[in-house]
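The values are calculated or read from the model by the stated rules, or taken from the named source; none is laboratory data. Not measured: the values here are computed from a predicted model. Neighbour counts run over all protein chains shown; Cβ positions are idealised from the backbone, glycine included.
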Amino acid sequence: MTAEALVLGGGGQLGRELARTPPPAGWTVRAVPRADVDITDRAAIERLLDESPQVRAIINAAAYTAVDRAESDREAAFAVNATAPGMLAAACAARDLPLVHVSTDYVFDGESERPWREDDPIAPLGVYGESKAAGEEAVRRACERHVIVRTSWVFGVLGANFVRTMLRLAGERPSLTVVDDQTGCPTWTGNLARVLLEIARQAEAGDPARFGTFHYADEGPVTWCGFARAIFERAGRLGVPVPEVRPIATTDYPTPARRPRYSVLSTEKIENSYGIVRGRWSDGLDRSIAELLEQRER
Ligand SMILES: NC(=O)c1ccc[n+]([C@@H]2O[C@H](COP(=O)([O-])OP(=O)(O)OC[C@H]3O[C@@H](n4cnc5c(N)ncnc54)[C@H](OP(=O)(O)O)[C@@H]3O)[C@@H](O)[C@H]2O)c1
């Protein structure tokens with residue numbers, strides 16, 4: 001029987017990318033959207049796992065991801081990002097299934113001069129980061145066979161993200177101001193999905209030394225402003241009218257949630273433990289923009 005990687009949160013940008021990414025040999029992927037299984041519903045999770053003997057690994061891509069809304073919606077953010085992953089982890093442990101759980105750079109406060117390592121102290125700046133940090137802890141406690149993968153600045157063609165927002169604004173405005181004092185590594189869903197599926201495969205094989213917390217982000221630190229310029233440079237080459245981009249400071253763009261100043265994640269551990277080769281966000285951006293513009297023309 002082929003092994004199945006079961007993806008929860010299958011309707012999100014990462015979940016949908018996982019569903020269309022070629023899995024490792026001998027594996028299939030099934031992505032289950034929220035409409036089919038709500039991860040806060042313990043009975044639904046138990047039922048799904050009991051009815052799925054072919055499942056060999058779970059990937060949790062479900063999350064409450066509205067960073068600013070979370071500031072005034074703490075209970076909902078914690079229900080999805082903290083309590084539910086703990087429940088899911090317990091259900092996995094009871095069936096001896098490995099759980100690959102996706103987390104975020106926002107567990108850190110951004111006050112660093114070097115890439116964040118997995119064992120650096122966490123200090124989230126907002127409710128979203130706090131809830132994701134609590135989810136990590138709940139997963140660690142409930143399921144020994146866990147792989148927590150923190151990632152950053154995720155973009156692709158299948159959901160709401162910075163690239164899609166910039167492309168929309170390109171057609172609407174002659175100039176834009178973009179924050180230039182927050183630095184991170186954009187991560188293409190295509191690269192992240194490939195990495196998560198490979199991790200699920202290796203985690204299922206069961207080497208306990210490989211369980212724990214890891215970082216994955218694509219190569220190349222950049223500010224939001226630099227990222228916007230990279231987006232418009234590509235879109236311009238493909239004939240989209242592009243706005244002038246002017247850098248601003250975070251203080252000039254107040255938001256309900258504070259964001260880390262420096263979010264670059266060190267990926268040495270995942271490269272060494274899992275033999276992961278990092279992708280470049282610039283390649284993912286080329287592909288995403290081409291695909292998004294092609295969709296527009298249809
Ligand atoms: N996006 C980023 O920049 C970023 C950065 C770092 C880490 N991450 C992490 O990456 C992971 C994937 O995020 P994403 O970018 O794919 O976000 P996304 O597009 O918002 O996807 C999250 C998905 O989870 C679903 N969901 C919410 N509550 C649920 C519930 N109770 N049961 C089942 N599904 C539920 C959402 O459904 P609805 O749409 O119906 O609510 C949505 O389809 C998350 O763990 C996130 O924290 C994301």
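Taking residues in the stretch 66-82 that are in contact (Cβ under 8 Å) with a residue 12 or more places away in the chain and under 15 Å from V107 (Cα atoms), and partners anywhere that are of a type in the set (K, R) and part of a helix (DSSP H, G or I), the pairs with Cβ atoms closer than 6 Å and at least 6 places apart or on different chains are N81/K132.
If you go through the stretch 8-62, how many residues are out of contact with any helix residue (DSSP H, G or I) (no Cβ under 6 Å at 6 or more places or on another chain) and of a type in the set (S, T, Y)? Residues in the stretch 8-62 being out of contact with any helix residue (DSSP H, G or I) (no Cβ under 6 Å at 6 or more places or on another chain) and of a type in the set (S, T, Y): 2 in total.
Remark: A76 falls outside the filter, which requires a residue to be under 20 Å from the mean Cα position of the chain (by Cα) and under 27 Å from C185 (Cβ atoms). Of all residues in the stretch 24-53, count the ones that are touching a Lys or Arg at 6+ places or on another chain (Cβ under 9 Å) and among the polar types (S, T, N, Q). Total meeting the criteria: 1.
Might you check whether a residue that is buried (at least 18 other Cβ atoms within 10 Å of the Cβ) and out of contact with any helix residue (DSSP H, G or I) (no Cβ under 7 Å at 6 or more places or on another chain) occurs anywhere in the stretch 277-293? Yes, there is a match, as at least one residue in the stretch 277-293 is buried (at least 18 other Cβ atoms within 10 Å of the Cβ) and out of contact with any helix residue (DSSP H, G or I) (no Cβ under 7 Å at 6 or more places or on another chain).
If you check R140, R150, R114, R95 for being basic (K, R) and surrounded by 24 or more Cβ atoms within 10 Å (Cβ to Cβ), only one passes: R150. Kindly indicate whether P260 is touching a residue at least 24 places away in the same chain (Cβ under 8 Å) and over 18 Å from the mean Cα position of the chain (by Cα). Considered against the rule, which asks whether it is touching a residue at least 24 places away in the same chain (Cβ under 8 Å) and over 18 Å from the mean Cα position of the chain (by Cα), P260 comes out as no.
Per the listing T21, T83, T65, T2, the residue uniquely exposed (fewer than 15 other Cβ atoms within 10 Å of the Cβ) and polar (S, T, N, Q) is T2. Within the stretch 155-192, if we keep just the residues that are modelled with pLDDT under 95 and of a type in the set (D, E, K, R), the residue that is surrounded by the fewest Cβ atoms within 10 Å (Cβ to Cβ) turns out to be E172.
Does the stretch 140-156 include one or more residues that are of a type outside the set (A, V, I, L, M, F, W, C), more than 10 Å from the ligand (Cβ to nearest atom) and over 19 Å from F214 (Cβ atoms)? Looking through the stretch 140-156, none of the residues is of a type outside the set (A, V, I, L, M, F, W, C), more than 10 Å from the ligand (Cβ to nearest atom) and over 19 Å from F214 (Cβ atoms). Of the set (1) charged (D, E, K, R); (2) more than 15 Å from the chain's Cα centre (by Cα); (3) farther than 21 Å from T83 by Cα, all apply to R69 but (3). For E118, state whether it is in a loop (DSSP other than H, G, I, E, B), away from the ligand (no atom under 13 Å from the Cβ), touching a helix residue (DSSP H, G or I) at 6+ places or on another chain (Cβ under 8 Å) and closer than 18 Å to A205 by Cα. No; evaluated as a whole, the condition is false for this residue.
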